[in-house]
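Participant: Encoded as structure tokens, here's the structure I'll be asking about.
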Amino acid sequence: MTEVLGDNAVVVAEPVALTAPGSAVVALGPGRTEIWHVGPDGAPTGAWACSSADLLGDPALARRALVLLENRAITARDPQDVPAFLTLLTTAAGLDLGPWWAGQVFSPLDSFRETLARRHEVAKRWIRDFDQVPTTFEGLRQLSGLHPATSPNAVRGAALTVTRLLRWQVGLWLETGDRAPLPPSWLAAVLTAEARGR
């Protein structure tokens with residue numbers, strides 16, 4: 001039976017787990033750009049792909065891509081390449097916004113280091129200890145034990161590999177018992193992006 005609630009009805013629900021807004025993974029390659037959305041738990045929730053020439057040659061497409069990124073924390077296999085890409089994308093969109101992404105780009109390597117630091121603060125026996133801190137994304141991927149994603153093209157493979165690594169990192173972070181849903185630099189990027197969307 002379905003019951004219609006009146007205007008003054010109070011709905012009581014179970015408390016929900018603390019979550020964070022989503023993030024975006026940018027994957028760049030020869031002739032192709034992909035943007036993947038990642039939910040609060042690190043799972044991919046959507047993807048958008050486009051030829052790089054079309055993306056940077058069509059202001060409407062560039063604006064559409066910006067909409068996919070503007071209110072999300074942003075990362076990539078090589079996050080240091082993201083600002084240059086966003087500059088090109090913003091210019092292609094015909095917009096003069098300056099570095100609107102400041103504070104929204106985060107590094108999976110930094111997030112992993114923060115997770116290790118938190119693990120060291122918590123006196124606990126872990127299922128797995130990490131005796132090294134990788135200096136490259138590929139080193140982090142190997143340390144995680146995750147296989148590179150197989151895909152018909154390298155750009156999609158890179159995007160999928162980053163999303164898998166983010167999901168793995170969310171799990172590692174949650175094991176620390178910290179009340180924050182994500183490592184500090186990643187969470188700061190999410191909150192900066194969310195504040196811009198208000």
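Participant: Find out how many positive minus negative residues lie around A193, taking Lys and Arg as positive, Asp and Glu as negative, among other residues whose Cβ is under 11 Å from that of A193.
Facilitator: +1
Participant: Would any residue of the range 69-106 have its amide N under 20 Å from a label point 7 Å out along Cα→Cβ of D54? List them or say none.
Facilitator: 69, 86, 88-94
Participant: Let me ask something else. So, with a 1.4 angstrom probe, what is the percent of accessible area on the range 62-198 that is carbon and sulfur?
Facilitator: 53
Participant: Oh, and also: In the chain, what percentage of the DSSP-assigned beta bridges are antiparallel, given to the nearest 5?
Facilitator: In the chain, DSSP labels about 75 percent of beta bridges as antiparallel.
Participant: Enter the accessible area of W186 (Å², nearest 10), with the probe set to 1.4 Å and all protein chains included.
Facilitator: 0
Participant: Name the shape class, rounded, prolate or oblate, that the alpha-carbon gyration tensor gives for the chain, where a ≥ b ≥ c are the square roots of its eigenvalues, rounded holds for a/c under 1.5, and otherwise prolate holds if a/b is larger than b/c and oblate otherwise.
Facilitator: It comes out oblate by the Cα gyration axes.
Participant: What net charge is computed for the residues neighbouring V25, neighbours being all others with C-beta under 12 Å from the C-beta of V25, Lys and Arg scored +1, Asp and Glu -1?
Facilitator: Combined, the nearby Lys, Arg, Asp and Glu give +3.
Participant: Another question, if that's okay. Evaluate the relative contact order of the chain (contact order divided by residue number), counting alpha-carbon pairs under 8 angstrom at least 6 apart; express in whole percent.
Facilitator: Reported relative contact order: 28 percent.
Participant: Still on this model: Would you calculate the separation in nanometres between label points at T150 and L95, each defined as 7 Å from the Cα along the Cα-to-beta-carbon direction?
Facilitator: 3.9
Participant: Report the calculated FRET efficiency for E194 and D78 (r = Cβ-Cβ distance, R0 = 30 Å), to the nearest 0.05.
Facilitator: The value I calculate is 0.75.
Participant: Let me ask something else about it. Could you tell me whether the range 153-198 comes out rounded, prolate or oblate from its Cα gyration tensor? Rule is a ≥ b ≥ c as square roots of the eigenvalues, rounded for a/c under 1.5, then prolate if a/b exceeds b/c, otherwise oblate.
Facilitator: Note, shape of the range 153-198 comes out oblate.
Participant: Of A117, A62, A158, which is the most mobile in a GNM of the chain whose springs link Cα atoms less than 10 angstrom apart?
Facilitator: Greatest mean-square fluctuation among the candidates belongs to A117.
Participant: Next up: Under 13 Å from the Cβ of A49, count the other residues' Cβ atoms, weight Lys and Arg +1, Asp and Glu -1, and hand me the total.
Facilitator: +1
Participant: If you build a Gaussian network model of the chain, linking Cα atoms that sit under 10 Å apart, which residue out of D58, D96, D178 swings the most?
Facilitator: D96
Participant: Hey, in the GNM for the chain with a 10 angstrom Cα cutoff, which one of L55, L172, L97 fluctuates hardest?
Facilitator: The residue with the greatest mean-square fluctuation here is L97.
Participant: Work out, step by step, the length gained on full extension between D41 and R64: first 0.36 nm times the residue separation, then minus their alpha carbon distance; give nm to one decimal.
Facilitator: The D41-R64 span can extend by a further 5.8 nm.
The values are calculated or read from the model by the stated rules, or taken from the named source; none is laboratory data. In this text, all values refer to a predicted model and were calculated from it rather than measured experimentally. In this analysis, Cβ positions are derived from the backbone assuming ideal geometry, glycine residues included, and neighbour counts consider all displayed protein chains. The accessibility values were calculated without ligands, DNA or RNA, using every heavy atom of the protein model including side chains. Shrake-Rupley method; radii C 1.70, N 1.55, O 1.52, S 1.80 Å.
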